[in-house]
Amino acid sequence: MNDAGDRCECKAGYGGDATVANIGCSACGTGAYKGDIGNTPCTSCPSGSSIAEGDTDATDADSCACGLNSEMNDAGDRCECKAGYGGDATVANIGCSACGTGAYKGDIGNTPCTSCPSGSSIAEGDTDATDADSCACGLNSEMNDAGDRCECKAGYGGDATVANIGCSACGTGAYKGDIGNTPCTSCPSGSSIAEGDTDAIDADSCACGLNSEMNDAGDRCECKAGYGGDATVVSIGCSACGTGAYKGDIGNTPCTSCPSGSSIAEGDTDATDADSCACGLNSEMNDAGDRCECKAGYGGDATVANIGCSACGTGAYKGDIGNTPCTSCPSGSSIAEGDTDATDADSCACGLNSEMNDAGDRCECKAGYGGDATVANIGCSACGTGAYKGDIGNTPCTSCPSGSSIAEGDTDATDADSCACGLNSEMNDAGDRCECKAGYGGDATVANIGCSACGTGAYKGDIGNTPCTSLQDMAVMPQWRVWAAVDVAHSPTRLKLEMLVARLVTSEL
């Protein structure tokens, strides 16, 4: 009976209507309660909570127990999964489960657990993990600034979000300066970093190999000036330029060979251009700068080691640089051995009593000197007694016409006119010999005969190497023979001779 005493009402813990026979009052079922008497139904527990069936002592919502891993929300209207547990406490076949590996949940609620940022994780069942800060990144990685994923640390390459990749220390010759799920950057070609050097954060950490340095573009190592090869090829590398080679700039190029015939000492890495190449003894660089050539005064070939350049020998000269032999002096002339100032044929001196001919191709004996200036054991000698030579030439002196002579050593005698006939003789009209003058008989061409004045009773009317004619001989000759024998047609004594002959003839008759 109720307090008013006017009707029966269902007890606390029972719902229904005591005044209606076919309804009556029944104990509150599972998940329901009723705290006071009254003909009212039981009140259902908040969603997700429950009370054991027939528990009539459950008088209010506080008697409703939330399921495993859940609790009543602040509004008291439903059970929600606790922090660290995800699911839906109001759905029997879902319920609330501890967040799995790599997930967390910081508040109560019928929501799933939140997955850790990609690449991070939380141990399974760690229900104390309430936010992303509880998510631990894997080995060699860390959370990025956005907090949305793990990324490989500086010095480590790979992808922290992919389990079978992860983050590994940059290998030999690679670096990484920032966090990120990117591969390590390879050092510029030819440079390297020790494996595992995770402090190497940029290309400046990459060290070029022996005798090389980074180029201005920063994209590869190149051999230093003075070193040739290829710094990017391990089996080649950079070596000091060898003997006779130079390199002036960095670059993966071979050393440049010195111009032919010049050289640089092996290992002279300060040699940067062709000006560093020294020509050998007695040679110098030509104007084109492409080879050494023998200096003026030196012949040979500066580009051939076993030839080289030697001072021009006796009787040779060379006026310009060049890998040519010395030029021999014109035949018969000479220059002292080692006279390297002799630059042309004008330096060639002809021998005694000779001079250069007009063609400039040989020495010839001077006028007044005979012989051959081009033959050492002959040479040129002053024309001897009775000889002359009027022009230069390697010819013998010309003998004076027979019977004439020139004093020995008279080198001014240049032609037959210089030849003097002997006593009482003169040159005949043909100019080929001396003949006794008219009035003189003998033979001017025979030294021990010579020409003598006709004796008493003899005469000679013309020049000639004949004896004088005796007048006795003429007396017995026919007149026509007399005149034939004595041609005196042009003689000033003709009249006297005619008278003399006439008397001789008369007396004979």
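A few notes on this one:
- Boolean, Val20 is closer than 30 Å to Asp126 by Cα, surrounded by fewer than 20 Cβ atoms within 10 Å (Cβ to Cβ) and either touching a residue at least 60 places away in the same chain (Cβ under 8 Å) or β-branched (Val, Ile, Thr) (or both): no
- In the stretch 126-161, the residues that are out of contact with any Ser or Thr (no Cβ under 8 Å at 6 or more places or on another chain), part of a loop (DSSP other than H, G, I, E, B) and either under 12 Å from Ala103 (Cα atoms) or in contact (Cβ under 8 Å) with a residue 12 or more places away in the chain (or both): Thr127, Ala129, Thr130, Asp131, Leu139, Asn144, Gly147
- Residue match in the stretch 265-285 (condition: closer than 30 Å to Asn357 by Cβ and out of contact with any Gly (no Cβ under 9 Å at 6 or more places or on another chain)): no
Table: residues versus (1) in contact with a Ser or Thr (Cβ under 6 Å, 6 or more places away or on another chain); (2) closer than 24 Å to Cys150 by Cβ; (3) at pLDDT below 85.
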residue	(1), (2), (3)
Ser168	no, yes, no
Gly171	no, yes, no
Ala194	no, no, yes
Asp204	no, no, no
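- Cross-chain or 6+ apart pairs with Cβ under 7 Å, the stretch 406-434 first and surrounded by 17 or more Cβ atoms within 10 Å (Cβ to Cβ), then basic (Lys, Arg): Asn424/Lys437; Ser425/Lys437; Glu426/Lys437
- Cβ pairs under 6 Å, 6+ apart, first in the stretch 450-479 and within 26 Å of Asp429 (Cα to Cα) and outside the structural domain of Glu435 (by TED's automatic domain parsing), second modelled with pLDDT of 90 or more and surrounded by 14 or more Cβ atoms within 10 Å (Cβ to Cβ): none
- Residue in the stretch 343-362 that is farthest from Asn377 (Cα to Cα), counting only those that are in contact with a Gly (Cβ under 7 Å, 6 or more places away or on another chain) and modelled with pLDDT under 90: Thr343
- Conditions (1) surrounded by 17 or more Cβ atoms within 10 Å (Cβ to Cβ); (2) modelled with pLDDT under 95; number of the one not met by Glu293: (2)
- Of all the listed residues (Met285, Met214), the sole one being more than 27 Å from Ser347 (Cβ to Cβ) and among the hydrophobic types (A, V, I, L, M, F, W, C) is Met214.
- Failed condition for Ala123, given (1) out of contact with any Asp or Glu (no Cβ under 8 Å at 6 or more places or on another chain); (2) small (Gly, Ala, Ser); (3) in a loop (DSSP other than H, G, I, E, B); (4) closer than 30 Å to Ala4 by Cα: (4)
- Given (1) of a type in the set (S, T, N, Q); (2) closer than 21 Å to Met143 by Cβ; (3) touching a Cys at 6+ places or on another chain (Cβ under 9 Å); (4) without any contact (Cβ under 8 Å) to a residue 24 or more places away in the chain, number of the condition Asn164 does not satisfy: (3)
The values are calculated or read from the model by the stated rules, or taken from the named source; none is laboratory data. Just so it is clear, the structure is predicted and the values come from calculations on it, not from any experiment. Reconstructed Cβ throughout: ideal geometry from the backbone, glycine too, with neighbour counts over all protein chains shown.
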